[in-house]
Amino acid sequence: MKRTFRAIFAAVLLMLGVIPLSAGPFEDADAAQDRHDYATALRLFRLLAHQGDPNAQYRLGLMYERGLSVPQDSAEAAAWYRRAADQGLNTAQWTLGSMYQIGSGVEQDYVKAHMWYSISAAQGWRAAEFLRGQLEKAMTPDRSLKHKSSHVNGSRRRRHRHLGNRHHEA
């Protein structure tokens, strides 16, 4: 009788949303990263990334870029960002544009940077519109394409502060 009452009580709490259903693997990875359990987050994000989840691919890229539970590797980060960007994840497209702009993990290429910013901006990502505009100023004939002004690197640092460890696209 006690067991039946507990089961009914638990079912009512679940229906009312008082007790959440178990989280999925992405949420588990996100929670692990929030706890600074980077080894667990890496394992879960890597599993999901290899299954084709663009959000996990993006987060795995962040882990490689920051050196969280893996050796810091900008080229590997760029490869994971590219996988997510190819699937339409606008933050990955923007991030890849930024990497091409400054030459981090990829060969510096303003044309590819402009392309990725434009693709991301077309989805409404305002930061991509801003960085594309900054890049266009650097691409004018009166300025050298090799010039890396401080606003480019500053924009990248601000981007990472903005994203933090909790970015997830639906």
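The values are calculated or read from the model by the stated rules, or taken from the named source; none is laboratory data. Being a predicted model, the structure only gives us computed values, none of them experimental. Every residue, glycine among them, receives a Cβ derived from its backbone with ideal geometry; neighbour counts consider all protein chains shown. Surface areas here come from the heavy atoms of the whole protein model, side chains and all, with no ligands, DNA or RNA. Shrake-Rupley method; radii C 1.70, N 1.55, O 1.52, S 1.80 Å.
Given a 1.4 angstrom probe, I'd like the percentage of the accessible area of the stretch 55-133 that is carbon and sulfur, rounded to a whole number.
On the stretch 55-133, the fraction of accessible area on carbon and sulfur atoms equals 48 percent.
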How much of the pair distance distribution for the stretch 20-90 lies past 14 Å, counting alpha-carbon pairs only, in percent? 55
Rough spin-label spacing in nm, given labels placed 7 Å along Cα→Cβ, for Ala122 and Asp28: 3.7
